[in-house]
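First up is the structure itself, then whatever we jot down about it.
Every read-out reported here was derived from the displayed coordinates using simple, explicitly stated rules and does not represent laboratory data. Note that the structure is predicted; figures quoted are calculated from it, not measured. Ideal geometry is used to build each Cβ from the backbone, glycine not excepted, and the neighbour counts take in all protein chains shown.
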Amino acid sequence: MYYAIFGQMKKQLAQLDKWFDAAAAHAQAKSFDPNLFLALRLAPDQFAFVRQIQIACDTAKLAASRLSGKDAPSHADTEQTLDELRARVRSVIAYLDSYAAKDFEGAATRSVTQPRWEGKTMTGADYLIEHAVPNFFFHLSHAYAILRHNGVTVGKRDYLGTLSLRAP
């Protein structure tokens with residue numbers, strides 16, 4: 001289950017990479033700097049697009065790290081262009097590519113904590129289902145919504161990507 005969930009996160013990050021192309025094309029068609037997308041948000045108290053992407057990437061890589069015991073790559077949160085965000089997304093995809101199903105053996109019972117939890121812990125199973133998966137999709141969906149709200153032509157198929165459809 002764990003390996004499959006990270007496979008889905010990897011797939012969604014690859015879809016996000018495609019949204020950057022759509023954002024750049026939209027900016028070119030409307031004659032504005034595509035890097036303006038980084039500061040856009042849906043509400044004044046919401047994180048900007050750049051931070052939504054950073055958190056989605058961090059959630060995926062840190063969840064894999066916490067559940068496997070492997071070290072995650074560090075990112076400085078200094079991206080200022082779509083190309084720099086694209087590089088971050090691709091580096092997280094490459095990191096997730098380094099995993100095999102066996103890396104998550106024992107993940108369900110692994111104890112997971114974060115500094116903001118003030119010494120409290122969760123089992124790996126609870127952490128993945130209650131925190132990591134919802135957090136990843138929350139921030140990914142907000143990034144998608146920011147682009148849509150600002151006129152970028154992306155739809156549900158762009159969000160979902162290719163499905164594993166089979167003939168009956």
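Quick notes on this one:
- Extreme residue, surrounded by the most Cβ atoms within 10 Å (Cβ to Cβ), among residues of the range 76-117 that are in contact with a Lys or Arg (Cβ under 9 Å, 6 or more places away or on another chain) and under 21 Å from Lys18 (Cα atoms): Val92
- One residue alone among Thr153, Thr162 is outside any helix (DSSP H, G or I), closer than 29 Å to Phe37 by Cβ and under 19 Å from the mean Cα position of the chain (by Cα), and that residue is Thr162.
- Test: Ala72 is touching a helix residue (DSSP H, G or I) at 6+ places or on another chain (Cβ under 6 Å) and outside any helix (DSSP H, G or I): yes
- Pick from the range 93-114, criterion part of a helix (DSSP H, G or I) and free of Cβ contacts under 8 Å to residues at least 12 places away in the same chain, ranking: nearest to the chain's Cα centre (by Cα): Ala94
- Residue count for the range 26-39, restricted to those that are under 20 Å from Gln80 (Cβ atoms) and either among the hydroxyl-bearing types (Ser, Thr, Tyr) or surrounded by fewer than 16 Cβ atoms within 10 Å (Cβ to Cβ) (or both): 5
- Close contacts from the range 140-152, counting a first residue that is closer than 13 Å to Ala48 by Cα and a second that is among the acidic types (Asp, Glu) and not in a helix (DSSP H, G or I), with Cβ to Cβ under 6 Å and a gap of 6+ residues or different chains, come to none at all.
- Filter result for Ala87 (under 15 Å from Tyr2 (Cβ atoms) and either touching a helix residue (DSSP H, G or I) at 6+ places or on another chain (Cβ under 6 Å) or assigned to a helix (DSSP H, G or I) (or both)): no
- Some residue of the range 16-26 being touching a Pro at 6+ places or on another chain (Cβ under 7 Å) and more than 18 Å from Phe137 (Cα to Cα): yes
- Restricting attention to the range 118-130, the residues being free of Cβ contacts under 8 Å to residues at least 12 places away in the same chain and either under 19 Å from His26 (Cβ atoms) or surrounded by 14 or more Cβ atoms within 10 Å (Cβ to Cβ) (or both) number 2.
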